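**Q** The structure is given below, and queries will be raised subsequently.
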Amino acid sequence: MSRTPTGLELYDRTARDAAAAVISGYSTSFGLACRLLGPRPRPHVRNIYALVRVADEVVDGPAADAGLSPDREREVLDALERETSAAIERGFSANLIVHAFAGTARECGIGEDLIAPFFASMRTDIDTARHDARSHDAYVYGSAEVVGLMCLQAFVNAGAARPAPASPELVEGARRLGAAFQDVNFLRDLDDDAGRLGRDYLGGAVEGSRRVEVLDRIDADLAVAAAAIPRLPADCRRAVSTAHDLFAELSRRLRRTSTRQRRVRVPDPVKAAIAARAVITSRPRRSIR
């Protein structure tokens, strides 16, 4: 007979289930990739995504829709960061999403060097409407590259007796993949970011040669990431290859569209084909265009 968990074990499982519900509700592409992870890293990546998504929602509309002013949004975000750091130190939080993330951080070695830049970028969304090249790079590091590094810590350390740092090649690949994801989403969401949120992440008009420049940067980042994926643990490669190839496909489709067409997406049958290829090969496609 299977044993029914109780006490902290039940609380931990419930927190992980809450994190899984967040990724299921918010992201089809990331959710698809996550399902391809092995059982060792999968719950940890879900825990990371859930906290990142909750923090993002504080500054991307739902909090404002609930009537919060920018100052109150900052208060909520600051409180979430404090609770995250405290939960990692004490091993418990009354916030299920924070509790799930804290367990992952403790097991996988995710520290303030990654958490602080992430929350700093989230705060940037409250008071910075237009970015130049320097602030874009700082924002992308905190909002996307460190998230890739958090996931990398889970890939390398989930289930280990003691967390260890990843190799420099894997660190560079994780950062470049996160940057590519973020810039793809900036291009996909140009009109929504400008119209609904009043934000410009790419520093002015992104048309003609400027648009090609951004897409070339994305493809260069994807190429570096692709070279690192074979160095990942085997139970992570299919998922990361799928995520890589989904965004490579988005990059290709963005090259064929104008900035004013509706949001570019990958049709479900194409997503399925990309995932199937990754399952068979465990490697990303090398050709980006």
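**Q** All but one of (1) out of contact with any His (no Cβ under 8 Å at 6 or more places or on another chain); (2) surrounded by fewer than 16 Cβ atoms within 10 Å (Cβ to Cβ) hold for Gly203; which doesn't?
**A** (1)
**Q** Looking at (1) under 23 Å from Gly173 (Cβ atoms); (2) surrounded by fewer than 20 Cβ atoms within 10 Å (Cβ to Cβ); (3) hydrophobic (A, V, I, L, M, F, W, C), find the lone condition where Val264 falls short.
**A** (1)
**Q** Kindly indicate whether Ser85 is assigned to a helix (DSSP H, G or I), within 30 Å of Ile218 (Cβ to Cβ) and polar (S, T, N, Q).
**A** no
**Q** Please tell me if Arg72 is in contact with a helix residue (DSSP H, G or I) (Cβ under 8 Å, 6 or more places away or on another chain), part of a helix (DSSP H, G or I) and either more than 22 Å from Asp200 (Cβ to Cβ) or not β-branched (Val, Ile, Thr) (or both).
**A** Against the criterion (in contact with a helix residue (DSSP H, G or I) (Cβ under 8 Å, 6 or more places away or on another chain), part of a helix (DSSP H, G or I) and either more than 22 Å from Asp200 (Cβ to Cβ) or not β-branched (Val, Ile, Thr) (or both)), Arg72 qualifies.
**Q** Now for a separate question. Determine, yes or no, whether Arg263 is basic (Lys, Arg) and over 30 Å from Ser69 (Cβ atoms).
**A** no
**Q** Give the number of residues within the range 115-157 that are acidic (Asp, Glu), under 21 Å from Val224 (Cβ atoms) and out of contact with any Gly (no Cβ under 7 Å at 6 or more places or on another chain).
**A** 1
Here, each number is a calculation from the coordinates, and none is a lab measurement. Because the structure is a prediction, the values reported are computed rather than measured. Neighbour counts are summed over all protein chains in view; Cβ atoms, including those assigned to glycine, are modelled from backbone coordinates with ideal geometry.
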